[in-house]
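The values are calculated or read from the model by the stated rules, or taken from the named source; none is laboratory data. This one's a predicted model, so the numbers in the text were calculated from it and none came from an experiment. With ideal geometry, Cβ positions are generated from the backbone for all residues, glycine too; neighbour counts draw on all protein chains shown. Ligands, DNA and RNA are excluded from the accessible area calculation, which covers all protein heavy atoms including side chains. Shrake-Rupley method; radii C 1.70, N 1.55, O 1.52, S 1.80 Å.
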Amino acid sequence: MLKKLFATVSVLAVLIGVQSLAGCATAPSGPGWVTLIDGENGLQNWNRTGDGNWRATGGVIQIDGKTNKEAAFLYSKESYQDFELYVEWWADEAANSGVFYRITNTKTINTKGGYEVQIFDKTEAFPTGSLVNVAKATSSFKAAGQWHTFLITVKGPRMIVKMDGETAVEVNNSNFPAGPIGLQYNAGTVKFRKVMIKPL
């Protein structure tokens, strides 16, 4: 009886461990990488637009509310053209968020003036992992309730988005040439644990 109980507890521990580690990966290292968010550190590296309650808490940068209908953003103080962008993020079931890059208008940030990698499970048109209005994700990625990673590689018109190491989008597009990167918030709870960029 004790052996069966121990075996059951061991299996549950393994399953819980696997779930908590889902989407985890080793952050990149080496020459050229710039850290914009590292746990609770990094808010000083960003400008803000919109009325979101971005804050450092629990080892992450978190947002779970805003006071108006417009999306809330953190956007980088530097502009980037070609780069690799690494993001560790978590979102709940209600989350509507995204990672923007090559933003051309920081006063009004949307997909008419920049690219958005989607974090939003409740849409079929461009679900999580998609490049909104450009290319739909190739697999049925789901955001809710686990830690995930994006690795976004952009060089000229060539764009590759990987989610948890799996290619979600690979496409050529020349709509927007360069600009800041941005973290978007529309709804739910969203956490960012690591954001790193390497200009190419």
| query | For the stretch 54-63, which residues satisfy the criterion of being open to solvent by 60 Å² or more (accessible area, probe 1.4 Å) and either in a strand (DSSP E or B) or on the phi < 0 side of the Ramachandran plot (or both)? | reply | Arg55
| note | If we keep only residues of the stretch 139-189 that are closer than 23 Å to Phe73 by Cα and basic (Lys, Arg), then the residue least open to solvent (accessible area, probe 1.4 Å) is Lys162
| said: I need every pair where a residue in the stretch 166-193 that is closer than 15 Å to Glu88 by Cα has its Cβ under 6 Å from the Cβ of a residue that is in a loop (DSSP other than H, G, I, E, B) and open to solvent by 30 Å² or more (accessible area, probe 1.4 Å), sequence separation at least 6 or different chains. | reply: Thr189/Asp64; Thr189/Asp92
| request: Report, ordered by the first and then the second residue, all pairs with beta carbons closer than 9 Å, sequence separation of six or more or different chains, a first member in the stretch 74-100 that is touching a residue at least 60 places away in the same chain (Cβ under 8 Å), and a second member that is aromatic (Phe, Trp, Tyr) and in a loop (DSSP other than H, G, I, E, B). | output: Leu74/Trp54; Glu84/Trp33; Tyr86/Trp33; Ala91/Phe120; Ala95/Phe120; Asn96/Phe120; Ser97/Phe120; Gly98/Phe120
| said: So, in the stretch 65-95, exactly how many residues are open to solvent by 10 Å² or more (accessible area, probe 1.4 Å) and touching a strand residue (DSSP E or B) at 6+ places or on another chain (Cβ under 9 Å)? | reply: 19
| remark: For the stretch 143-163, pairs from a residue that is in a loop (DSSP other than H, G, I, E, B) to a residue that is of a type in the set (A, V, I, L, M), with Cβ under 6 Å and 6 or more apart or across chains, are Ala143/Ala91; Ala143/Ile119; Gln146/Ala22
| message | Take Phe141 and tell me if it is under 17 Å from Gly188 (Cβ atoms) and of a type outside the set (Lys, Arg). | response | yes
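Per-residue answers, yes or no, for (1) farther than 14 Å from Met163 by Cα; (2) open to solvent by 10 Å² or more (accessible area, probe 1.4 Å):
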position	(1), (2)
Ser97	yes, no
Tyr101	yes, no
Lys107	yes, yes
Asn110	yes, yes
Thr123	yes, yes
Ala137	no, yes
| task | Any chance you could count how many residues in the stretch 40-53 are closer than 22 Å to Phe83 by Cα, open to solvent by less than 60 Å² (accessible area, probe 1.4 Å) and either of a type in the set (D, E, K, R) or not in a strand (DSSP E or B) (or both)? | result | 3
